[in-house]
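Trainee: Handing you a structure now.
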Amino acid sequence: KLISSDTAQKAFITNAIHLVNSKALDGVTLDFEYVGQPSQKVTDGFTRLVTNLSAEMKRQVPNASLSLATYIHSGSVPGFFDIQLLTDHIDYFVVMGYDFYTPSGNPGALAPMNGSYSIPSYMQGYLEKTTPDKLILAFGHYGYDWPIENPAGNGGMLSYAEIAAMSRRYQLHWN
């Protein structure tokens, strides 16, 4: 409803700017995580929302920044975020460079650095659509512990502190 309704968009924009002003915030980071393959109408509606929010923020709070959290593959795979159109309306893309593999799937690197399914390969798609100064690459400070007996089973999440503590108790073998 938010991206298809002018009334809902105006209310959202008014509320976002009110929060920036009333809490003396530096800006806004939008984190909309669309599930599934959006229609072009949905993608266009989201781009319109960001464009309208950006224009109104620059008018009312010129020094406030607008950033947008995006999936790591959004620079390469068409979907909810049209990086090329959005780049003129945001200050930063916060690229979610984590959860390539999750507990509900097969074991793998949280943020792989090699191969075609990796941070560098997906960041190249962003660099073809925007400038490096607009990119913030976010990494997770956590990991997953998949069971050795049944690697396809669900893994549990481990915080950075838990991983650091475990690394002192066990000999680690990196693969």
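Trainee: Which of the three applies to the range 65-150, rounded, prolate or oblate, going by the alpha-carbon gyration tensor with a ≥ b ≥ c and a/c under 1.5 meaning rounded?
Mentor: Because a/c hits 1.5 or more and a/b exceeds b/c, the range 65-150 counts as prolate.
Trainee: Give Lys1/Lys129; Lys58/Lys134; Lys23/Lys134 a once-over and call out the pairs whose C-alpha atoms are over 21 Å from each other.
Mentor: Among Lys1/Lys129; Lys58/Lys134; Lys23/Lys134, the Cα-Cα distance tops 21 Å for Lys1/Lys129; Lys23/Lys134.
Trainee: Counting DSSP beta bridges in the chain, what percent are antiparallel, to the nearest 5?
Mentor: 25 percent
Trainee: Using only the heavy atoms of the protein chains and a 1.4 Å probe, how would Leu66, Leu85, Leu137, Leu110 rank by accessible area, largest first?
Mentor: Leu85, Leu137, Leu110, Leu66
Trainee: Here is a follow-up. At a threshold of 8 angstrom on Cα-Cα distance, excluding pairs fewer than six apart, so keeping six or more, what relative contact order does the chain reach in percent?
Mentor: Dividing the mean separation by the residue count of the chain yields 18 percent.
Trainee: Search the structure for amide H atoms under 5 Å from the amide H of Thr29, placed 1.01 Å from N in the peptide plane, and list their residues when 5 or more places away or on another chain.
Mentor: The list, which skips near neighbours in sequence, is Ser67.
Trainee: Largest first, what is the accessible-area ranking of Glu149, Glu33, Glu128, Glu56 with a 1.4 Å probe?
Mentor: If we order Glu149, Glu33, Glu128, Glu56 from most to least accessible, we get Glu149, Glu128, Glu33, Glu56.
Trainee: Hand me the chymotrypsin sites (Phe, Trp or Tyr not before Pro) from the range 66-175 located in a DSSP loop with no more than 15 other Cβ atoms within 10 Å, in residue order please.
Mentor: Passing sites in the range 66-175 are Tyr117, Phe139, Tyr170, Trp174.
Trainee: Using 0.36 nm times the number of residues separating Ser121 and Ala55, minus their current alpha carbon distance, what extension gain do you get?
Mentor: 20.5 nm
Trainee: Still on this model: Relative to the first principal axis of the alpha-carbon coordinates of the chain, what is the inclination of helix 40-60, with its axis defined by its Cα atoms, in degrees from 0 to 90 and to the nearest 10?
Mentor: Taking the Cα atoms of the chain, the angle to 40-60 is about 60 degrees.
Trainee: Loop by DSSP (not H, G, I, E, B), at most 10 other beta-carbon atoms within 10 Å: where is the longest site-free stretch of the chain for trypsin sites (Lys or Arg not before Pro)?
Mentor: The segment 24-175 is the longest one with no such site.
Trainee: Relative to the longest principal Cα axis of the chain, at what angle does helix 160-169 sit, 0 to 90 degrees, rounded to 10?
Mentor: Orientation of helix 160-169: about 10 degrees from the principal axis.
The values are calculated or read from the model by the stated rules, or taken from the named source; none is laboratory data. Just so we're clear, the structure is a prediction, and the values are computed from it rather than from any experiment. When we count neighbours, we look across all protein chains shown, and the Cβ atoms used for this are built from the backbone with ideal geometry, even at glycine. Areas reflect the complete protein model, heavy atoms only, side chains present, ligands, DNA and RNA absent. Shrake-Rupley method; radii C 1.70, N 1.55, O 1.52, S 1.80 Å.
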